[in-house]
Amino acid sequence: MKKRHSRPSNNYLRPQDDAGAGAGTVHSPSYGGPSALLPDFMKLRRSVSSSIDDQVEMSEVPQVFNIYCRDTCIVHLHALGLLGGNIAQPGILMEFVLDFLKVSSEQERCAKVSVSLVSEETLLRPREQRRRAFTRQVFESSEITLSLERCSFTFNVPRDAHPSFETNLVRVRWRMEFAFDLADGSILNWNLPLNMALLS
C-alpha cells in the first residue's frame, strides 16, 4: 500500500504574473475574453461604509492564483465574490473556479479536489502557557477531477459568520482550505486567508 503524504502549501503559491513577483503576492489581472465566462454578480459594484464613515466604492473582482507542484503550475484558481483585500462578507455568494493545466508528468495530475471554509479562534492568553486554537468547518465539498479541465465550487458564506478580529485575549480568522490529491498518491495543501467583515 502506497504511503500518502502531504506537501506544505507555502512553497507552491505563485501569482499569475509574467514578471515573476514574490510568493504570496495576489495578482488581479484585467479580464478580456475570459470575463464572458464569469457570473453576472462579478460585474456588480456596491457602495460600503468605511471605518471613518466615508463612502467608498469597492468592486467584486476576480483574483487569480497559480498553484504549483514542485516547479510545475498545475492549477489556475479564480476566486470570485471577494472584495479588495480578500474581504468576504456574511451571506455573500462565493465561487472558486479551478482550471487544470496540462502537465508533462502523469504523476502531477490532480485526481481529486477538496475545498472547505474554516474559521479559527485562538486564545492568546489561556490559563495554560501555550496558545489554544479551535477550528470550525462551515462548508466542505469535493470533486473527482482526473478527467476534468475545469471545476467550480459555489456557496454562500453563513449569515451568522463572525467577523475577523483580534484583541489581546482572542483572535478570530477565516480561510479557504484546498487539498489536491495527486495521481502519485500525495496531497498538496493550499490555504487562502480571508478577512471576514461586516459592511453596510
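The values are calculated or read from the model by the stated rules, or taken from the named source; none is laboratory data. Small disclaimer: the values here were computed from a predicted structure and weren't measured. All accessible areas refer to the heavy atoms of the entire protein, side chains included, with ligands and DNA or RNA removed. Shrake-Rupley method; radii C 1.70, N 1.55, O 1.52, S 1.80 Å.
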| request: Would you rank ARG125, ARG70 by solvent-accessible area, highest first, keeping every protein chain in place and using a 1.4 Å probe? | output: ARG125, ARG70
| With contacts defined as alpha carbon pairs under 8 Å and 6 or more residues apart, what's the relative contact order of the stretch 84-200 in percent? | 38 percent
| What accessible area per residue comes out for the stretch 66-126, rounded to a whole number of Å², with a 1.4 Å probe? | 35 Å²
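With a 1.4 Å probe and all protein chains in place, put ASP71, ASP184 in order of accessible area, largest first. Numbers along the way, then the final one.
Values: ASP71 130, ASP184 30 Å².
Ranking ASP71, ASP184 by accessible area, largest first, yields ASP71, ASP184.
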